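The values are calculated or read from the model by the stated rules, or taken from the named source; none is laboratory data. None of these values were measured; they are calculated from a predicted model. Reconstructed Cβ throughout: ideal geometry from the backbone, glycine too, with neighbour counts over all protein chains shown. Note: areas computed on protein heavy atoms with side chains; ligands, DNA, RNA excluded. Shrake-Rupley method; radii C 1.70, N 1.55, O 1.52, S 1.80 Å.
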Amino acid sequence: MANNQLGVLNALDAAKTQWYHFTAIVIAGMGFFTDAYDLFGISLITKLLGRIYYTNENHPKPGTLPPNVAAAVNGTAFVGTLAGQLFFGWLGDKLGRKRVYGLTLMLMVVCSIASGLSFGKSPAGVMTTLCFFRFWLGFGIGGDYPLSATIMSEYANKKTRGAFIAAVFAMQGFGILTGGIVALIVSASFDHAYKAPPYSVNRKDSTAPEADYIWRIILMFGAVPALLTYYWRMKMPETARYTALVARNAKQAAADMSKVLQVELETEEEKVETASSSNSFGLFTKEFARRHGLHLLGTSVCWFLLDIAYYSNNLFQKDIFTAIGWLPKAETMNAIHEVYRVAASQSLIALCGTIPGYWFTVALIDYIGRFTIQLMGFFFMTVFMFALAIPYHHWLSNNAGFLIMYSLTFFFANFGPNATTFVVPAEIFPARLRSTCHGISAAAGKLGAIVGALGFLYAAQSTNPAETDQGYPPGIGVKNTLLVLGSINCLGIFFTLLVPESKGKSLEELTGENEEADGNDKQQASSTQTLPV
């Protein structure tokens with residue numbers, strides 16, 4: 001332990017698991033619940049939007065979103081998220097975590113509601129409105145990434161810190177599942193109330209006019225969980241690490257944490273005042289590059305590679321289900337029932353693969369470590385992607401086997417790099433740069449999501465021009481797409497070697513903060529280690 005460590009930080013590191021830990025997980029986690037609901041919910045309604053606004057009744061197949069519109073609808077939220085991660089990550093280090101925490105949530109509430117509204121009824125007006133508000137929805141979601149991770153890491157004790165941060169992120173799985181359940185309930189209700197024939201029977205009447213309400217209700221429901229937690233976010237005190245190490249107010253840090261921990265803590269102003277000047281380097285300095293440059297490269301590239309595979313899988317999983325026959329062909333269903341079938345598919349994957357993977361990480365991350373979980377996750381994602389791709393035509397006649405293998409790729413994404421890429425950047429960077437560096441790492445991930453969401457909309461199209469979605473050029477097909485994704489996951493294995501193991505260490509041990517001058521060399525050696533401990 002550093003001999004200049006503040007008592008309030010020691011108390012946080014050594015604290016037993018208490019009620020405030022669970023409160024913080026729920027408050028921060030509900031933001032991620034909303035994030036996942038909003039980001040992944042769009043895949044539930046894209047087919048419906050195509051049917052409502054772009055159907056040509058002279059065509060034998062129902063309408064689909066034109067490529068440029070589909071790219072905009074799927075991508076604008078990711079672009080907004082990327083911008084929000086960078087902006088709010090920087091702002092969280094400048095103004096404090098709490099001061100901007102409520103702002104991101106209110107932005108998500110307002111834009112969730114606005115996403116379900118539209119200017120006019122024309123396709124151009126509706127899609128422009130949707131894209132505009134989803135950009136700002138993404139901007140708010142982006143702020144939630146670095147702020148939630150940083151707040152949880154700075155509140156947690158060092159023994160179970162990984163589990164607590166991972167638990168916040170694991171709420172994403174419930175957000176994805178809830179999106180599917182809401183879509184199931186809404187579509188089933190409308191399908192029961194407004195009977196419509198399949199498209200192949202009656203092209204005009206297969207899309208009931210009331211179907212336009214379905215996608216609006218699904219999107220607007222995203223405001224509910226965010227709104228419910230706003231009050232509690234505003235009641236949380238600023239983290240002691242920000243108050244003491246960045247704002248340099250040890251008295252306030254001790255007062256805040258005395259209430260949280262329900263113990264008396266000593267004010268240690270002199271330790272704040274005598275903190276080593278060697279730890280005051282900025283982001284764009286040689287000292288940061290020497291100490292943490294490889295770490296930031298590792299966390300950013302791993303997140304980038306992971307999100308290419310993860311988001312492309314989520315966004316074109318409806319096309320995979322169609323290809324293997326698990327979803328009927330669009331022309332054999334009416335528009336509302338198609339929403340129901342897509343939602344059922346996504347809910348099943350979330351329940352069988354996504355959610356269990358998250359909670360395996362929560363249970364084991366502080367025992368087997370971040371490094372091992374991330375390496376193992378990338379390895380098995382590679383294995384299962386290739387196992388799906390190489391004998392792809394075999395799986396077309398073995399739907400149950402394909403579904404199991406596909407679920408396992410999601411399981412090992414979440415019991416793997418999808419969780420650890422969120423956890424590690426919140427632990428290994430100094431307090432005054434922690435939110436910024438997490439935002440940079442997360443933004444790299446969203447750049448990968450943009451590549452995955454937009455690039456694979458085209459790539460996953462059939463090589464046969466007669467089998468492509470309306471308006472799309474031929475692609476490389478699902479089989480070759482899976483081969484590319486498997487190769488991307490393989491790259492993640494190598495970049496994981498740049499990421500240090502942070503299990504069982506205090507944040508200040510990892511970063512060298514509050515170290516006295518004679519301890520700097522030892523700390524620097526520790527902080528630049530890139531192999532697991």
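Results for (1) assigned to a helix (DSSP H, G or I); (2) in contact with a Gly (Cβ under 6 Å, 6 or more places away or on another chain); (3) at pLDDT below 90, shown as yes or no for each residue.
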| residue | (1), (2), (3) |
| --- | --- |
| 475 | no, no, yes |
| 487 | yes, no, no |
| 492 | yes, no, no |
| 497 | yes, no, no |
| 519 | yes, no, yes |
| 522 | yes, no, yes |
| 530 | no, no, yes |
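For region 43-65, the criterion of a residue being touching a residue at least 12 places away in the same chain (Cβ under 8 Å) and under 19 Å from the mean Cα position of the chain (by Cα) is satisfied by at least one position.
The condition (being surrounded by 21 or more Cβ atoms within 10 Å (Cβ to Cβ), at negative phi and either small (Gly, Ala, Ser) or assigned to a loop (DSSP other than H, G, I, E, B) (or both)) is satisfied by just one residue among 401, 357: 357.
Where helices (runs of 4 or more DSSP H) sit wholly within region 137-246, those with at least 2 residues that are of a type in the set (Gly, Ala, Ser), farther than 15 Å from residue 97 by Cα and open to solvent by 10 Å² or more (accessible area, probe 1.4 Å) occupy 161-193.
Screening residue 419 against (1) open to solvent by 20 Å² or more (accessible area, probe 1.4 Å); (2) over 16 Å from residue 81 (Cβ atoms); (3) in a helix (DSSP H, G or I) leaves a single unmet condition, (1). Take residue 161 and decide whether it is over 17 Å from the mean Cα position of the chain (by Cα) and charged (D, E, K, R). Taking the combined requirement at face value, the residue satisfies it. Taking each residue of region 117-133 that is touching a residue at least 60 places away in the same chain (Cβ under 8 Å) and looking for partners that are open to solvent by 60 Å² or more (accessible area, probe 1.4 Å) with beta-carbon atoms closer than 8 Å, six or more apart or interchain, yields 126/119.
When you look at residue 23, is it over 30 Å from residue 308 (Cβ atoms), part of a helix (DSSP H, G or I) and either open to solvent by 10 Å² or more (accessible area, probe 1.4 Å) or without any contact (Cβ under 8 Å) to a residue 12 or more places away in the chain (or both), yes or no? Answer is yes for this residue.
Across region 309-337, the number of residues qualifying as assigned to a helix (DSSP H, G or I), at pLDDT 80 or above and open to solvent by 10 Å² or more (accessible area, probe 1.4 Å) comes to 4.
Looking at this structure, is residue 260 of a type in the set (A, V, I, L, M, F, W, C), open to solvent by less than 70 Å² (accessible area, probe 1.4 Å) and either out of contact with any Leu (no Cβ under 7 Å at 6 or more places or on another chain) or within 30 Å of residue 39 (Cβ to Cβ) (or both)? It is true that residue 260 is of a type in the set (A, V, I, L, M, F, W, C), open to solvent by less than 70 Å² (accessible area, probe 1.4 Å) and either out of contact with any Leu (no Cβ under 7 Å at 6 or more places or on another chain) or within 30 Å of residue 39 (Cβ to Cβ) (or both). Within the set 191, 205, the sole residue that is in contact with a helix residue (DSSP H, G or I) (Cβ under 9 Å, 6 or more places away or on another chain), of a type in the set (Asp, Glu) and within 17 Å of residue 52 (Cβ to Cβ) turns out to be 191. Yes or no: residue 72 open to solvent by less than 10 Å² (accessible area, probe 1.4 Å) and within 24 Å of the chain's Cα centre (by Cα)? Criteria not met by residue 72. Checked against the criterion of being open to solvent by 10 Å² or more (accessible area, probe 1.4 Å), assigned to a helix (DSSP H, G or I) and of a type in the set (Gly, Ala, Ser), the candidates 466, 443, 453, 449 yield just one match: 466. Taking region 388-425 as the range and being over 30 Å from residue 436 (Cβ atoms), of a type in the set (Val, Ile, Thr) and in contact with a Leu (Cβ under 8 Å, 6 or more places away or on another chain) as the test, the residues that pass are 390, 409.
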